[in-house]
Amino acid sequence: MYEHVKKIDKELYASLEKEVNRQEHNIELIASENFASLGVMEMQGSILTNKYAEGYPNKRYYGGCKYIDEIETLAIERIKKLFNAKYANVQPHSGSSANMAAIRSLINKGDKILGMSLDSGGHLTHGYRLSFSGQDYESYSYGVNIETGLIDYEEVSRIAKEIKPKLIICGASAYPRAISFKKFKEIADSVNAYLMADIAHIAGLVVTNNHENPLPYCDIVTSTTHKTLRGPRGGIILTNNEEIYKKVNRNVFPGIQGGPLMHVIGAKAIMAYEDSLPSYKTYIDQVIKNAKAMANEFIKLGYKVVSNGTDNHLLLVDVYNTLGISGKEVENLLESINITLNKNTIPGEKLPPMEASGVRIGTPAMTTRGFKEEEFIKVVHYIDKAIKNRNNESLLNEIKEEVLILTSRFPLFKN
Ligand SMILES: *Cc1c(COP(=O)(O)O)cnc(C)c1O
């Protein structure tokens, strides 16, 4: 792979090759990651990267945009159809820029926003103090019930009534259960607030009807395209409201971005095509079955799993309150045997966030490589065995050998 880079830049290639091998020989459990298809990779590596196309289809600030317009229009139309949305902006460079443009399209600087707290599974851009969203707006947060791990809608409603936010943001990065957009809409209406859903993680499940679609309930919906959607790294903004759509377009360009990444927009178009196929529905169904199989197996082995299971593509395992080992230690331990995941805070977290009591485990990436329940259950046992024998070097080496055999049966790069 990457023969040309290999020929002309040995220094860079040395690192690239190591990363290729890492991806090939690791069990990837980071819930926000996936393996992009060859079509997505081809588009991202295409000559579309050469073109400046500030503006929108048929309203550009540059010449030579005839075919670029066709491609962006294709991406817009396909993504609208995929989500059953009236309007779509496909230019945000990332999920975070999509959120910045979306929030700016609904409220003014200094207005109050109410989002899910970071330590309950929310995202930085939902009001965290070090993010633009916590700095430009007066931000408040809701969490989850410490016992159940679930969003307590009555509590959200109580906070909303007390604070009277202009905007409520729902959606999360580490929430294993279904979110009721309908209930959030009722809360938003009761305090006359706008409602925005950020479905960066669960967009793939929304597309395949495995999760409620937020569009009928929300003023704006944002998403990334590189997580469960399995497209290129980027963001999208959806709405059913024409006035809001016009504001979104202005806020993306020229508000916060310059020229669009046309190679990425091309990749978003092919992603939307791939995600409309029956094989993608089969894929997402399997992602969910695999997450449930893992959660059940962890529970069988005596682990505390936040909310006692999962409805989606991820689960949170409370390793600290199960075995007295922090999430950070587990992350490091598993990295040494080629299993990649991330530490994560749990509801009612008592450790510092850099230690964390839990780990977040997602099934989208390895399901793309072909893992089914059987393989994911094996992975649970590798993790369990590694944690319980963390000082036994030779046993850890044995588990790593098994990981290598398993990953080699599901090749990522087939050349
Ligand atoms: C990943 C994520 C984002 C941000 O995406 P980036 O592309 O990394 O900026 C935004 N919101 C949620 C809920 C996410 O999980």
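The values are calculated or read from the model by the stated rules, or taken from the named source; none is laboratory data. Remember, predicted model here, so these are calculated numbers, not experimental data. Using ideal geometry, Cβ is built from the backbone for each residue, glycine included, and neighbour counts are taken over all protein chains shown.
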List every residue pair whose Cβ atoms lie under 6 Å apart, where the two residues are 6 or more positions apart in sequence or sit on different chains, the first residue falls within the stretch 215-244 and is assigned by TED's automatic domain parsing to the domain that holds residue 185 and more than 16 Å from residue 260 (Cα to Cα), and the second residue, located anywhere, is β-branched (Val, Ile, Thr) and within 16 Å of the ligand (Cβ to nearest atom).
215/221; 222/237; 223/199; 223/236; 231/40; 231/225; 238/221; 239/220
Considering every residue within the stretch 237-257, establish whether at least one is closer than 21 Å to residue 365 by Cα and touching a strand residue (DSSP E or B) at 6+ places or on another chain (Cβ under 7 Å).
no
Would you call residue 401 over 19 Å from residue 121 (Cβ atoms), among the charged types (D, E, K, R), free of Cβ contacts under 8 Å to residues at least 24 places away in the same chain and assigned to a helix (DSSP H, G or I)?
yes
Filter the stretch 231-248 for residues that are within 16 Å of the ligand (Cβ to nearest atom) and of a type outside the set (A, V, I, L, M, F, W, C); which is farthest from residue 75 (Cα to Cα)?
233
By residue number, the members of the stretch 52-82 that are basic (Lys, Arg), over 30 Å from residue 204 (Cβ atoms) and crowded, with 16+ Cβ neighbours inside 10 Å are 60
Considering each residue of the stretch 231-261, count those that are of a type in the set (Val, Ile, Thr), surrounded by fewer than 20 Cβ atoms within 10 Å (Cβ to Cβ) and in contact with a Phe, Trp or Tyr (Cβ under 7 Å, 6 or more places away or on another chain), and give that number.
0
Looking only at residues that are within 15 Å of the ligand (Cβ to nearest atom) and of a type outside the set (A, V, I, L, M) in the stretch 175-207, which one is surrounded by the fewest Cβ atoms within 10 Å (Cβ to Cβ)?
177
Residue pairs, Cβ under 8 Å, 6 or more apart or interchain, first in the stretch 311-332 and free of Cβ contacts under 8 Å to residues at least 60 places away in the same chain and assigned by TED's automatic domain parsing to the domain that holds residue 367, second among the aromatic types (Phe, Trp, Tyr) and in a helix (DSSP H, G or I). List them.
317/298; 326/320; 327/320
State the number of residues belonging to the stretch 327-347 that are among the hydroxyl-bearing types (Ser, Thr, Tyr) and farther than 16 Å from residue 385 by Cα.
1
Based on this model, can you work out whether residue 81 counts as basic (Lys, Arg), farther than 16 Å from residue 223 by Cα and more than 17 Å from the chain's Cα centre (by Cα)?
no
Would you mention how many residues in the stretch 176-198 are without any contact (Cβ under 8 Å) to a residue 60 or more places away in the chain, part of a loop (DSSP other than H, G, I, E, B) and more than 21 Å from residue 295 (Cβ to Cβ)?
2
Residue hits (the stretch 107-149; away from the ligand (no atom under 16 Å from the Cβ) and assigned to a helix (DSSP H, G or I)) are 135
For residues that are outside any loop (DSSP other than H, G, I, E, B) and near the ligand (Cβ under 10 Å from one of its atoms), scanning just the stretch 208-230, find the one that is surrounded by the fewest Cβ atoms within 10 Å (Cβ to Cβ).
224
Counting just the residues of the stretch 52-103 that are closer than 21 Å to residue 224 by Cα and among the β-branched types (Val, Ile, Thr), which one comes out nearest to the ligand (Cβ to nearest atom)?
103
Subset of the stretch 266-304 that is part of a helix (DSSP H, G or I) and without any contact (Cβ under 8 Å) to a residue 12 or more places away in the chain - its residue that is farthest from the chain's Cα centre (by Cα):
300
